[in-house]
Amino acid sequence: MVLSAFAFSLMTVFVKLAGRRLPWQEIVVARAAVTFVLSYAWLRAARIPPFGQHRALLIVRGMFGFFGLSSVYYAVTHLPLAEATVIQYLYPPLTATLAALLLRERLERSVFVSMALGLIGLLLVAQPAALFGGIAAQLDPGGLFAAFLGAFFSACAYVTVRTLGQGEHPLVIVFYFPLVALPASVVTMGTHALWPEGIEWAWLLLLGLATQVGQVAVTRGFASAAAGRMAAYSYVQVLFSAVWGVLLFEEHPTPLTLAGALLIITGALVNARPSARKT
């Protein structure tokens with residue numbers, strides 16, 4: 001899970017670099033294309049049948065992944081990196097809640113505390129003008145909403161992965177994301193595509209490679225233990241992304257944003273703590 005967090009933080013860096021000129025949905029196409037080739041080659045090398053047994057549920061997982069990735073990429077290209085990432089990390093309590101409702105996993109009291117801390121943290125990061133007035137940060141409202149949708153669809157995808165992990169190979173689960181997302185993103189991209197230039201080819205390739213590492217790692221993580229517990233351990237992506245934002249993009253979070261990020265991370269840790277104690 002920590003490896004996946006580092007890989008996904010690198011992915012957001014390459015998305016932000018490529019998104020300076022390229023449309024965000026085109027970046028989704030490139031990411032899905034690279035992942036499709038790598039996933040299929042990996043399956044062939046391992047001699048694993050690519051289409052699995054639970055095809056309907058695998059397609060649903062692919063759709064959740066497509067909606068989640070599209071939302072996250074829009075948020076990353078319209079918000080500072082740290083803010084976009086920290087809102088995405090509302091997904092641990094959302095994952096635990098959905099797992100309790102759909103998979104009947106036990107919903108710990110800590111999940112409610114985690115959700116409360118996450119909500120307060122989200123308000124401090126988003127800083128709606130109705131509450132903060134003139135001191136509110138000028139963040140793109142569409143980007144903020146997209147970041148929240150990314151968290152929700154990620155939770156849906158991870159709960160689906162938890163279900164599929166009982167009978168499907170992780171590589172098959174990973175393969176279904178680009179199998180669904182590639183045609184879907186080509187359609188939604190429409191006529192807005194731009195031909196990549198120079199270094200942009202490298203950004204697109206690297207974001208695909210980083211995402212492939214992250215997907216395989218996170219799929220193995222969620223397939224191995226309770227979804228709510230594993231989701232909390234990837235919170236370190238927030239720290240990675242904050243460092244990249246400062247070093248590469250001269251993005252300096254405000255004190256309120258830092259306080260909100262701390263609350264969201266604390267919520268993720270509270271969500272993880274009971275399971276860690278039991279272990």
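The values are calculated or read from the model by the stated rules, or taken from the named source; none is laboratory data. Nothing here was measured: the structure is a model prediction, and the numbers come from that model. Here Cβ is always computed from backbone atoms with ideal geometry, including for glycine, and neighbour counts include all displayed protein chains.
See the values below:
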read-out	value
Filter result (of a type in the set (A, V, I, L, M), crowded, with 22+ Cβ neighbours inside 10 Å and under 19 Å from the mean Cα position of the chain (by Cα)) within segment 13-28	Val13, Val15, Ala18, Ile27, Val28
Condition check for Gly118: modelled with pLDDT under 80 and surrounded by fewer than 18 Cβ atoms within 10 Å (Cβ to Cβ)	no
Considering residues of segment 130-154 that are modelled with pLDDT under 70 and surrounded by 13 or more Cβ atoms within 10 Å (Cβ to Cβ) only, the residue farthest from Gln237 (Cα to Cα)	Phe132
Failed item in (1) free of Cβ contacts under 8 Å to residues at least 40 places away in the same chain; (2) touching a helix residue (DSSP H, G or I) at 6+ places or on another chain (Cβ under 9 Å), with His78 passing the rest	(1)
Members of segment 171-192 found to be at pLDDT below 80 and not polar (S, T, N, Q), listed by number	Gly190, His192
Those residues of segment 144-175 which are in a helix (DSSP H, G or I) and over 21 Å from Tyr91 (Cα atoms), in sequence order	Leu171, Val172, Phe175
Residue tally, condition within 15 Å of Pro50 (Cα to Cα) and of a type in the set (A, V, I, L, M, F, W, C), over segment 151-189	9
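The rows are residues; the columns are (1) assigned to a loop (DSSP other than H, G, I, E, B); (2) crowded, with 23+ Cβ neighbours inside 10 Å.
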| site | (1), (2) |
| --- | --- |
| Ala32 | no, yes |
| Ile48 | yes, no |
| Gln53 | yes, no |
| Ala75 | no, yes |
| Ala100 | no, no |
